[in-house]
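Trainee: I have a structure I would like to understand better, so I am pasting it below and will then ask my questions one at a time.
The values are calculated or read from the model by the stated rules, or taken from the named source; none is laboratory data. On a predicted model such as this, the values are computed, not experimentally measured, just so you know. Because the Cβ atoms are built from the backbone with ideal geometry, glycine has one as well, and the counts that use them run over all protein chains shown. Heavy atoms of the whole protein, side chains included, go into the accessibility calculation; ligands, DNA and RNA do not. Shrake-Rupley method; radii C 1.70, N 1.55, O 1.52, S 1.80 Å.
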Amino acid sequence: MAAANLVFFMNPCFLHNPSPQRFALSRTGFSSSSSSSVGLTRAFNTNEFLGDFGARDPFPAELESNFGDKVIGNVDTEHRILIPNISALSLAQQQCSPISPIQSPMSEEDIQNLLRKVVGWRLLKEEDGLKLQCLWKLRDFKCGVELINRISKVAEAASHFPNIHLEQPNQVRAELWTASIGGLSMNDFIVAAKIDQIKTSDLAPKKRIWA
């Protein structure tokens, strides 16, 4: 297996060491030369990042605090911010992708692993395949309609649509699955995670306060 590039993040207390420590990075490892040792806290595989994102300038309040005088170190220290790639992004940050009808549904093992990442959704086993289901108890009928509108906007933006039902006067039920493959796909979990981010606190039943 080919070795990957590594980016090393140094412990802040060693960031500015009076004795310069230099690392030569390559696809096979790294080498260093220094008269004193430097502690390394973490190493990341750069294949998990999209690239160099750069860094921001300090805010005025940070300049006024003289934060730069509170650490000692080398003037040539390099700081890099790397953007995580798709495998490292949360489900809600990912985008749905086209599903081929010949694609197989997700395995139950994969489903159980992803189920931990969506809040309030449960797995349904039905005749036409596995589905995700979520229920919301709301304050009243109007709040139910409002939640459906909010879910619809998220689904439309993702181009992957759940079945949404307004039940009783104040309950909304949403179900997600990919009908074309007869089961669940990654798109279902992505949309479930996006729906989880919808604000619902203003639609929830008011708590009774007892005197």
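Trainee: How do the helices (runs of 4 or more DSSP H) wholly within region 103-211 filter down when requiring 1 or more residues that are over 20 Å from the mean Cα position of the chain (by Cα), of a type outside the set (Gly, Ala, Ser) and closer than 20 Å to Leu91 by Cα: which remain? Break it down into steps so the answer makes sense when it comes.
Mentor: Working: elements: 108-115, 141-158, 186-196.
The helices (runs of 4 or more DSSP H) meeting that bar are 108-115, 141-158.
Trainee: Can I ask one more? Checking Ser100 against (1) part of a loop (DSSP other than H, G, I, E, B); (2) more than 26 Å from the chain's Cα centre (by Cα), which single condition isn't satisfied?
Mentor: Evaluating Ser100 over (1) part of a loop (DSSP other than H, G, I, E, B); (2) more than 26 Å from the chain's Cα centre (by Cα) leaves (2) as the failure.
Trainee: Scan region 183-211 residue by residue and report those that are modelled with pLDDT of 95 or more, out of contact with any helix residue (DSSP H, G or I) (no Cβ under 7 Å at 6 or more places or on another chain) and not charged (D, E, K, R).
Mentor: Gly183, Ser185, Met186, Asn187, Ala192
Trainee: Here is a further query. Being open to solvent by 70 Å² or more (accessible area, probe 1.4 Å) and out of contact with any strand residue (DSSP E or B) (no Cβ under 7 Å at 6 or more places or on another chain) narrows it down to one of Lys194, Lys137, Lys206, so name that one. Before you say what the answer is, go through the steps one by one.
Mentor: Working: Lys194 fails: open to solvent by 70 Å² or more (accessible area, probe 1.4 Å); Lys137 fails: out of contact with any strand residue (DSSP E or B) (no Cβ under 7 Å at 6 or more places or on another chain).
Sole residue among the options that is open to solvent by 70 Å² or more (accessible area, probe 1.4 Å) and out of contact with any strand residue (DSSP E or B) (no Cβ under 7 Å at 6 or more places or on another chain): Lys206.
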